[in-house]
Amino acid sequence: MRTRSALAELAGELRSVDSADWSAVSGRFTEWACRDELRDELRHHLRTLSGEVATAVISRSRETTTHFAWCLLNQPGDKFSFWLHEYKPQRDWRIGYADSIHNHRYHFCTTILRGCYVHERFDAEMDANGLVIKSATMVHSGVCETGAAGTMLSEQFHRIPKAADGTMTFLVKSRPVRGWSLSFDPATSVSRRHVPVEERLGHLADRL
């Protein structure tokens, strides 16, 4: 086991690159994520969390309809954050999150630590204002296995319609580069815009 934790090593490397150039972040991440001992290092990190740090991880994390998103690192001065995604058994998924066609408010890099999932990428036709998805066309579909690594930019659309039970991934996310994300249901052609709750606080009083 390395004396310096795997997360501290990656954080140090990413602080030395221009995070506005996500291709540079992606290159560093891909090199870091390909180590055979990565799972052991992350397991050691989780098992040795102090009480205070563990409490902070819990407070930053959340449950979605398809997975638990554990925030392992989120320092105010950094332009990135670290996450573990623990996918729920497929029988417990609720339609409309990872399995919808969607983009994100941020760029991210990810690697599969265990399990696998089906990953689909799409080209989306937008309205003139970029607020509504009019249609989406699949451009790639494949199964991503343990050890696979990839990058998604905020303007790219994808979905994960199926994940093997027990699948876990590690992600590096940028800070948000847009104020909302979009999703699209190809069965009904319904497009939705998603504004995070923290962006709504300033308008809350006006709604009363």
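The values are calculated or read from the model by the stated rules, or taken from the named source; none is laboratory data. Values in this document were obtained by computation on a predicted structure and should not be read as measured data. Virtual Cβ from ideal backbone geometry, glycine too; neighbours counted across all protein chains shown.
Could you check segment 162-177 and list, in sequence order, the residues that are part of a strand (DSSP E or B), out of contact with any Ser or Thr (no Cβ under 9 Å at 6 or more places or on another chain) and not charged (D, E, K, R)?
Matches in segment 162-177: 168 only.
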Leading residue by the ranking (farthest from residue 101 (Cα to Cα)) among those in segment 183-198 that are at pLDDT below 90 and under 19 Å from the mean Cα position of the chain (by Cα): 198
Residue ID - surrounded by the fewest Cβ atoms within 10 Å (Cβ to Cβ), chosen from residues in segment 87-106 that are more than 24 Å from residue 190 (Cα to Cα) and not charged (D, E, K, R): 89
Any hit, segment 40-51, residues being in contact (Cβ under 8 Å) with a residue 24 or more places away in the chain, under 16 Å from the mean Cα position of the chain (by Cα) and surrounded by 13 or more Cβ atoms within 10 Å (Cβ to Cβ): no
Answer residue from segment 115-161, given it is among the polar types (S, T, N, Q) and free of Cβ contacts under 8 Å to residues at least 60 places away in the same chain and is surrounded by the fewest Cβ atoms within 10 Å (Cβ to Cβ) among those: 129
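May I ask you to list the residues in segment 59-85 that are aromatic (Phe, Trp, Tyr) and in contact (Cβ under 8 Å) with a residue 24 or more places away in the chain? Even if it seems obvious, please write down each step before you answer.
From segment 59-85, those aromatic (Phe, Trp, Tyr) are 68, 70, 80, 82-83; that's our starting set.
Those that are aromatic (Phe, Trp, Tyr) and in contact (Cβ under 8 Å) with a residue 24 or more places away in the chain: 80, 82, 83.
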Number of the condition not met by residue 111 [criteria: (1) modelled with pLDDT of 95 or more; (2) exposed (fewer than 12 other Cβ atoms within 10 Å of the Cβ); (3) of a type in the set (S, T, N, Q)]: (2)
Pick from segment 45-90, criterion basic (Lys, Arg) and in contact with a Ser or Thr (Cβ under 7 Å, 6 or more places away or on another chain), ranking: farthest from residue 176 (Cα to Cα): 88
